[in-house]
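Since the structure comes first, as structure tokens, the remarks are kept for the end.
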Amino acid sequence: MQNDCTNIYQSARKIAGLTQERAAELLHLSVRSLADYEAGQRLPGNDVVTDMVTVYNSKLLAVQHLRNSSRFARDLLPDVKEMALPEAVLTLVDAVYSFADDRLDRELIDIARDGVISEDEWERFDHVIDKIRDITAAAIALATMSRGTM
């Protein structure tokens with residue numbers, strides 16, 4: 001597991017306001033196991049993370065865990081940061097309007113019309129995809145908000 005991603009479990013626990021001891025108890029884990037997950041020494045299984053998501057009330061942790069545990073997911077899912085409700089809504093709306101204002105929907109139609117992305121269209125296509133990733137990241141940030149942050 002990469003060092004820049006090793007503290008997502010600790011971060012989610014702390015945001016939930018739990019000590020390692022209390023979290024381990026609620027998760028039916030040893031404190032040592034939880035400490036290992038938080039130190040990046042071991043990667044928790046999906047069943048443990050599912051319990052963490054529930055106990056910590058953090059859907060965002062599920063997305064972060066998927067990104068960290070699978071190269072495929074890391075390539076597919078955008079990096080999502082936790083945001084307060086106003087920031088999440090404004091970020092999403094701004095990304096959608098930016099996409100529309102730049103007429104990237106038309107750009108995508110133009111590129112895809114013939115069913116092939118030609119060599120000279122790849123740069124334009126990559127630009128459109130980057131903007132779609134921005135929208136996706138903002139949408140996931142909004143969709144993963146917990147009741148406590150709304």
(message) Going through MET145, MET150 one at a time, which residue ends up being at pLDDT below 95 and loosely packed, with under 11 Cβ neighbours inside 10 Å?
(response) MET150
(message) Out of ASP36, ASP51, I need the residue that is free of Cβ contacts under 8 Å to residues at least 24 places away in the same chain and either farther than 25 Å from ALA137 by Cβ or surrounded by 18 or more Cβ atoms within 10 Å (Cβ to Cβ) (or both). Which one?
(response) ASP36
(message) With the structure loaded, tell me whether ASP105 is in a helix (DSSP H, G or I) and free of Cβ contacts under 8 Å to residues at least 12 places away in the same chain or whether it fails that test.
(response) yes
(message) Being more than 17 Å from the chain's Cα centre (by Cα) and open to solvent by 20 Å² or more (accessible area, probe 1.4 Å): is that true of LEU26 here?
(response) yes
(request) Count, please, the residues in the range 117-129 that happen to be open to solvent by less than 80 Å² (accessible area, probe 1.4 Å) and either over 22 Å from ASP75 (Cβ atoms) or modelled with pLDDT under 95 (or both). (result) 1
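Only one of these is at pLDDT below 95 and open to solvent by 40 Å² or more (accessible area, probe 1.4 Å): LEU90, LEU108, LEU85. Name it.
Exactly one of LEU90, LEU108, LEU85 is at pLDDT below 95 and open to solvent by 40 Å² or more (accessible area, probe 1.4 Å), namely LEU85.
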(request) For LYS59, state whether it is among the basic types (Lys, Arg), open to solvent by 40 Å² or more (accessible area, probe 1.4 Å) and at pLDDT below 95. (result) yes
(message) Looking at ALA141, ALA73, ALA88, ALA137 in this structure, which one is in a helix (DSSP H, G or I), touching a Pro at 6+ places or on another chain (Cβ under 9 Å) and either of a type outside the set (Gly, Ala, Ser) or closer than 29 Å to ASP47 by Cβ (or both)?
(response) ALA137
(message) Only one of VAL53, VAL48 is at pLDDT 90 or above and either closer than 30 Å to ASP130 by Cα or not in a helix (DSSP H, G or I) (or both). Can you tell me which?
(response) VAL53
(message) On the basis of being surrounded by fewer than 19 Cβ atoms within 10 Å (Cβ to Cβ) and either within 25 Å of MET83 (Cβ to Cβ) or among the charged types (D, E, K, R) (or both), does THR19 make the cut?
(response) no
(request) For the range 110-121, enumerate the residues that are more than 19 Å from PHE99 (Cβ to Cβ) and either hydrophobic (A, V, I, L, M, F, W, C) or within 30 Å of the chain's Cα centre (by Cα) (or both). (result) VAL116
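The values are calculated or read from the model by the stated rules, or taken from the named source; none is laboratory data. Every value quoted in this text rests on a predicted model; they were computed, and no experiment measured them. With ideal geometry, Cβ positions are generated from the backbone for all residues, glycine too; neighbour counts draw on all protein chains shown. When the accessible area is computed, the model is the full protein with side chains, heavy atoms only, and any ligands, DNA or RNA have been set aside. Shrake-Rupley method; radii C 1.70, N 1.55, O 1.52, S 1.80 Å.
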